[in-house]
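So the structure is just underneath, and the comments pick up after that.
The values are calculated or read from the model by the stated rules, or taken from the named source; none is laboratory data. Worth saying up front: this structure is predicted, and the values here are computed from it rather than measured. Reconstructed Cβ throughout: ideal geometry from the backbone, glycine too, with neighbour counts over all protein chains shown.
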Amino acid sequence: MHIEKDTIKEHNQFLLKEHKKKFDYSASEVTDVENVLQKLMDFQVAIPSWALGTGGTRFGRFSIGGEPRNLEEKINDIALLHALNKSSGAISLHIPWDIPENSTHIKTVAAQYGLKFDAMNSNTFQDQPGQQLSYKFGSMQHVDKAVRLQAVSHNIEVIKYGMELGSKSLTVWLSDGSCFPGQLNFRKAFQNTLESLQQVYAALPPDWKMFVEYKAYEPNFYSMTVGDWGQSLLYVSKLGNKAFTLVDLGHHLPNANIEQIVSLLLMEGKLGGFHFNDSKYGDDDLTAGSIKPYQLFLIFNELAEGMDARGMNHADGLAWMIDASHNVKDPLEDLLQSVEAIKIAYAQALLVDRKKLAEAQNNNDAVTTQEILQHAFRTDVRPLVTEARLRAGGAADPIHVYRKEKTREGLIKERGSKIFATGL
Ligand SMILES: [Mn+2]
């Protein structure tokens, strides 16, 4: 299933007049609009291979049909997204769910669609069929050295797959921790984990990065061995200059000030990547920007300011990725919505008047600082995001084209209606 360039162009024709009217107004309000548009065109968000199937909860899963049955079909789905929004130009793979059997072929397929391989994700949070030792009581933290070594070897294997595909980074998320007080010696668990991470780090190619992702709770409910940004920062600081903290928006305790965390990690040069999603209560993995769009904007405000302060390129200075799972939406439509929300928040952050903000901060003028931030947040930047997408060859309204072209129906016809794609 493909959506051709010309088809997208035809759909765009109907919306161009209305778009031009809105864009001309938006552009007149922005200083250096060309610079903003270029940054929006350059900004790509990686799609995780597990987000293409319908997500579920521990209570059940309701398949939508037409979901990808293998890695090649997953790449096809991401190509569909990228054709429509021109901002999903990278794929993030999970091993062992997406072991590339023929990496040369897979690389060629991805390149055909202009897709790159972003961070590789290892999995030591569940046991695989035929696996020798169990991760029931952790992987890199485990009291048994043999289990730790098994987890280390798995991560090294993931690096090897990534090298074949042209990826340049490894994300390590550990579910390690404990469910009951006294179950673990915290210090020993930390030291075992550090030692295991060091062995993986030693196997990183020179131009690779390693991301250590933290999570406050779940699946362990008393302690997590990489439970917050402080612990992650401890690990990555001890590991070396190729190791960075990865922030997943859903992995904090309620009401955590994520924008402040982002700012300080950037200051230390230790922020490596981002997993976008949204939540109301916990790690809900809802569509980015669906619940707390102001928070998403505030985070981007710190990202843009902090990256500029370090002279980092917004597009490739950090690894941007969606990490969400959805059980009531068509996963592809949901991903289109997430990418759009991310780009809107980014565009708003680019509009913040940094000079005036710094002045107001220096004058302790809390009224003006709020006015400046909320002015940017309340600006309708959708015409700017649409213009950037049109200039890149995408659709004026991606979801409209997706539905009009009966894309899901086409995928169901091609792949069948009872599919179980790997995913969380
Ligand atoms: Mn994540």
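Quick one: is residue 150 of a type outside the set (Val, Ile, Thr), out of contact with any Gly (no Cβ under 8 Å at 6 or more places or on another chain), within 16 Å of the ligand (Cβ to nearest atom) and in a helix (DSSP H, G or I)? I'd like the intermediate steps shown before the answer.
Working: of a type outside the set (Val, Ile, Thr): yes; out of contact with any Gly (no Cβ under 8 Å at 6 or more places or on another chain): yes; within 16 Å of the ligand (Cβ to nearest atom): no; in a helix (DSSP H, G or I): yes.
Taking the combined requirement at face value, the residue does not satisfy it.
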Practice problem: Give me the pairs, please: first residue somewhere in segment 18-39 and closer than 17 Å to residue 304 by Cα, second residue anywhere and surrounded by 15 or more Cβ atoms within 10 Å (Cβ to Cβ) and not aliphatic (A, V, I, L, M), beta-carbon distance under 7 Å, and either six or more positions apart or on two chains. | Solution: 37/387; 39/314
Quiz item: Which members of segment 261-291 meet the condition of being part of a strand (DSSP E or B) and within 21 Å of residue 169 (Cα to Cα)?
Solution: 271, 272, 273, 274, 275, 276
Practice problem: Please identify the pairs in which a residue from segment 310-329 that is away from the ligand (no atom under 14 Å from the Cβ) has its Cβ atom under 6 Å from the Cβ atom of a residue that is among the hydrophobic types (A, V, I, L, M, F, W, C) and in a loop (DSSP other than H, G, I, E, B), counting only partners at least 6 apart or on another chain. | Solution: 315/43
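Looking only at segment 340-379, filter to residues that are among the charged types (D, E, K, R) and either assigned to a loop (DSSP other than H, G, I, E, B) or modelled with pLDDT under 95 (or both); which one of those is surrounded by the fewest Cβ atoms within 10 Å (Cβ to Cβ)?
First, the residues of segment 340-379 that are among the charged types (D, E, K, R): 340, 343, 353-356, 359, 365, 371, 378.
Narrowing further to those that are either assigned to a loop (DSSP other than H, G, I, E, B) or modelled with pLDDT under 95 (or both): 353, 365, 378.
Values: 353: 14, 365: 13, 378: 10.
Step by step, filter segment 340-379, then rank; the result is 378.
Restricting the search to segment 111-133, which residues are over 13 Å from residue 49 (Cα atoms) and of a type in the set (Gly, Ala, Ser)?
111, 114, 130
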Practice problem: Return yes or no: is residue 195 surrounded by 15 or more Cβ atoms within 10 Å (Cβ to Cβ), more than 16 Å from the ligand (Cβ to nearest atom), of a type outside the set (A, V, I, L, M, F, W, C) and not in a loop (DSSP other than H, G, I, E, B)? | Solution: no
Self-check item: Residue in segment 203-260 that is surrounded by the most Cβ atoms within 10 Å (Cβ to Cβ), counting only those that are assigned to a loop (DSSP other than H, G, I, E, B) and charged (D, E, K, R)
Solution: 215
Practice problem: Please list, ordered by first then second residue, the pairs with beta carbon atoms under 7 Å, 6 or more apart or interchain, first in segment 59-87 and under 17 Å from residue 117 (Cα atoms) and in a loop (DSSP other than H, G, I, E, B), second small (Gly, Ala, Ser) and modelled with pLDDT of 95 or more. | Solution: 86/392; 86/393; 86/394
Exercise. Return yes or no: is residue 142 surrounded by fewer than 24 Cβ atoms within 10 Å (Cβ to Cβ) and over 21 Å from the mean Cα position of the chain (by Cα)?
Key: no
Quiz item: Is it the case that segment 312-332 has a residue that's in a helix (DSSP H, G or I), at pLDDT 95 or above and surrounded by fewer than 20 Cβ atoms within 10 Å (Cβ to Cβ)?
Solution: no
Practice problem: Can you confirm whether segment 52-66 contains a residue that is surrounded by fewer than 24 Cβ atoms within 10 Å (Cβ to Cβ), under 20 Å from residue 333 (Cα atoms) and touching a Leu at 6+ places or on another chain (Cβ under 6 Å)? | Solution: no
Quiz prompt | Residues that are touching a residue at least 40 places away in the same chain (Cβ under 8 Å) and either aliphatic (A, V, I, L, M) or in a loop (DSSP other than H, G, I, E, B) (or both), drawn from segment 111-130 | solution = 115, 118, 119, 120, 122, 124, 125
Quiz item: Can you tell me how many residues in segment 166-196 are within 15 Å of residue 91 (Cα to Cα) and in contact with a Lys or Arg (Cβ under 6 Å, 6 or more places away or on another chain)?
Solution: 1
Practice problem: Taking the options 91, 47, 99, 78, name whichever one is crowded, with 21+ Cβ neighbours inside 10 Å and over 13 Å from the mean Cα position of the chain (by Cα). | Solution: 78
Quiz item: Just to be sure, is residue 239 within 17 Å of residue 156 (Cβ to Cβ), more than 14 Å from the ligand (Cβ to nearest atom) and at pLDDT 95 or above?
Solution: yes
Self-check item: Residues of segment 261-289 satisfying the condition of being within 16 Å of the ligand (Cβ to nearest atom), of a type in the set (Asp, Glu) and surrounded by fewer than 21 Cβ atoms within 10 Å (Cβ to Cβ)
Solution: 283, 284
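Going by the conditions given, is residue 141 away from the ligand (no atom under 16 Å from the Cβ), in a loop (DSSP other than H, G, I, E, B) and either closer than 20 Å to residue 214 by Cα or of a type in the set (A, V, I, L, M, F, W, C) (or both)? Don't jump to the end; show me each part of the working.
Values: away from the ligand (no atom under 16 Å from the Cβ): yes; in a loop (DSSP other than H, G, I, E, B): yes; either closer than 20 Å to residue 214 by Cα or of a type in the set (A, V, I, L, M, F, W, C) (or both): yes.
It is true that residue 141 is away from the ligand (no atom under 16 Å from the Cβ), in a loop (DSSP other than H, G, I, E, B) and either closer than 20 Å to residue 214 by Cα or of a type in the set (A, V, I, L, M, F, W, C) (or both).
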